1. Please tell me if residue 73 is in a helix (DSSP H, G or I) and surrounded by 14 or more Cβ atoms within 10 Å (Cβ to Cβ).
2. What's the total number of residues in segment 57-70 that are assigned to a strand (DSSP E or B), open to solvent by less than 10 Å² (accessible area, probe 1.4 Å) and either in contact with a Gly (Cβ under 8 Å, 6 or more places away or on another chain) or free of Cβ contacts under 8 Å to residues at least 60 places away in the same chain (or both)?
3. Against the condition within 23 Å of residue 77 (Cα to Cα) and crowded, with 17+ Cβ neighbours inside 10 Å, how does residue 188 come out, does it pass?
4. Given (1) more than 18 Å from residue 62 (Cα to Cα); (2) within 17 Å of the chain's Cα centre (by Cα), identify the lone condition not met by residue 160.
5. Restricting the search to segment 14-48, which residues are of a type in the set (Ser, Thr, Tyr) and surrounded by 13 or more Cβ atoms within 10 Å (Cβ to Cβ)?
Amino acid sequence: MGALKLLDMMSMRGNRLTGDLPSSLRNCMYLRLLDLGENELSGKIPEWLGESLSMLLVLSLPSNRFHGTIPRSLCKLENIQILDLSVNNISGNIPKCLNNVSGMTMREKGSARASIEYNSIGVERTRLITRPRVVFKVLLQWKGKQSEYQKTLGLVVTLDLSSNRLTGEIPDEITSLLALVALNLSRNSLIGPIPDNIGQLRQLDFLDISRNNLVGVIPTSLSQLSNLGVLDLSFNSLYGRIPKGTQLQSFEMSSYAGNPALCGVPLLKLCPGDESGSRNPDVAHEQESENDKLINKGFLFGIVGGFAFGFWGFYGTLVLKDSWRHAYYGFLNVVKEWVLLRLELSFARLRRKTSP
């Protein structure tokens with residue numbers, strides 16, 4: 001394979017490939033896409049990936065058996081826009097140098113490549129070799145299902161390190177990846193707080209940092225992510241009030257499940273200082289609007305008409321029918337006598353108890 005020096009892309013996803021990545025692949029310096037996901041490859045992710053394959057736009061190695069740490073040389077892949085190392089046995093910390101990857105830090109990088117395609121590539125000695133048009137296709141795990149991206153691939157900027165054994169804190173440098181559309185760090189052993197500046201990632205549509213050991217409060221900047229369509233912070237050790245804002249309150253309670261010390265809308269648990277009857281202002285406004293709709297002219301006419309009909313239906317009958325009127329007043333006299341008798345008996349018992 002290393003003899004194919006002008007190879008543009010290599011996709012061998014979903015086979016039974018075993019062993020280490022062959023070092024001869026470092027000769028394929030024009031590789032833009034390397035997809036070896038869903039195999040049985042093992043060993044460490046080699047350092048030469050970032051040193052020799054500097055033109056990579058897509059590196060996809062999910063669902064293999066790679067172990068060891070994430071090599072710092074991957075930070076040299078300046079143009080990388082899709083880095084997927086999920087579902088392996090990778091350990092150690094997330095490299096802080098990821099903020100050197102301009103393909104993920106510059107917004108224009110993601111929007112300029114509406115599709116990764118080209119007609120020619122330059123080679124040594126300024127000789128230009130014309131190639132057939134190449135359109136890359138990549139399978140990505142997106143929002144719980146596997147989807148194929150082709151013409152819109154250039155708009156997808158994603159970092160997926162989920163389902164590994166990563167430790168340490170989420171580095172603040174990761175908030176410099178301003179072009180990120182998807183960030184998945186779930187199912188690891190990450191500790192520490194969520195970075196305060198995570199709200200800088202304004203392009204984020206998907207954020208999953210669930211099932212870690214994160215602690216602390218949810219940063220208020222997270223409520224500024226207006227494009228966020230999927231959020232999962234569940235099963236950590238987060239605490240405090242969920243920051244108020246229409247964005248964070250719009251997600252289901254499952255997005256915050258497994259954090260017993262979290263409180264506030266959309267959770268049912270009230271925060272200290274909240275009144276027992278406090279409600280989400282938006283919900284309260286909607287309910288008040290619904291109540292206002294009930295109080296209309298028809299409703300008022302119904303109340304007045306019902307009262308008039310009941311009043312005159314009863315008292316009008318007493319006026320017109322002598323027998324009913326006499327019976328009614330006789331009944332009132334009986335009730336009056338019974339009440340007076342009970343009062344006299346009660347006072348008599350009270351006087352006996354208080355007399356010496």
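The values are calculated or read from the model by the stated rules, or taken from the named source; none is laboratory data. The structure displayed is predicted, hence computed values, not measured ones. Neighbour counts are summed over all protein chains in view; Cβ atoms, including those assigned to glycine, are modelled from backbone coordinates with ideal geometry. SASA here: full protein model, heavy atoms, side chains in, ligands and nucleic acids out. Shrake-Rupley method; radii C 1.70, N 1.55, O 1.52, S 1.80 Å.
1. Working: in a helix (DSSP H, G or I): yes; surrounded by 14 or more Cβ atoms within 10 Å (Cβ to Cβ): yes.
Yes; evaluated as a whole, the condition is true for this residue.
2. Step one: filter segment 57-70 for residues assigned to a strand (DSSP E or B), giving 58-60, 65-68.
Those still in the list that are open to solvent by less than 10 Å² (accessible area, probe 1.4 Å) too: 58-60, 66.
Subset that is either in contact with a Gly (Cβ under 8 Å, 6 or more places away or on another chain) or free of Cβ contacts under 8 Å to residues at least 60 places away in the same chain (or both): 59-60, 66.
Selection size over segment 57-70: 3.
3. On the way: within 23 Å of residue 77 (Cα to Cα): no; crowded, with 17+ Cβ neighbours inside 10 Å: yes.
Criteria not met by residue 188.
4. So residue 160 meets the others, but not (1).
5. Start the filter on segment 14-48 by keeping residues that are of a type in the set (Ser, Thr, Tyr), which leaves 18, 23-24, 30, 42.
Once the filter is applied, which keeps residues that are of a type in the set (Ser, Thr, Tyr) and surrounded by 13 or more Cβ atoms within 10 Å (Cβ to Cβ), segment 14-48 yields 30, 42.
Yes/no per residue for (1) aromatic (Phe, Trp, Tyr); (2) at pLDDT below 90; (3) under 17 Å from the mean Cα position of the chain (by Cα); (4) open to solvent by 10 Å² or more (accessible area, probe 1.4 Å):
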{"position": "169", "(1), (2), (3), (4)": "no, no, no, yes"}
{"position": "172", "(1), (2), (3), (4)": "no, no, no, yes"}
{"position": "176", "(1), (2), (3), (4)": "no, no, no, yes"}
{"position": "182", "(1), (2), (3), (4)": "no, no, yes, no"}
{"position": "200", "(1), (2), (3), (4)": "no, no, yes, yes"}
{"position": "205", "(1), (2), (3), (4)": "no, no, yes, yes"}
{"position": "209", "(1), (2), (3), (4)": "no, no, yes, no"}
{"position": "226", "(1), (2), (3), (4)": "no, yes, yes, yes"}
{"position": "237", "(1), (2), (3), (4)": "no, no, yes, yes"}
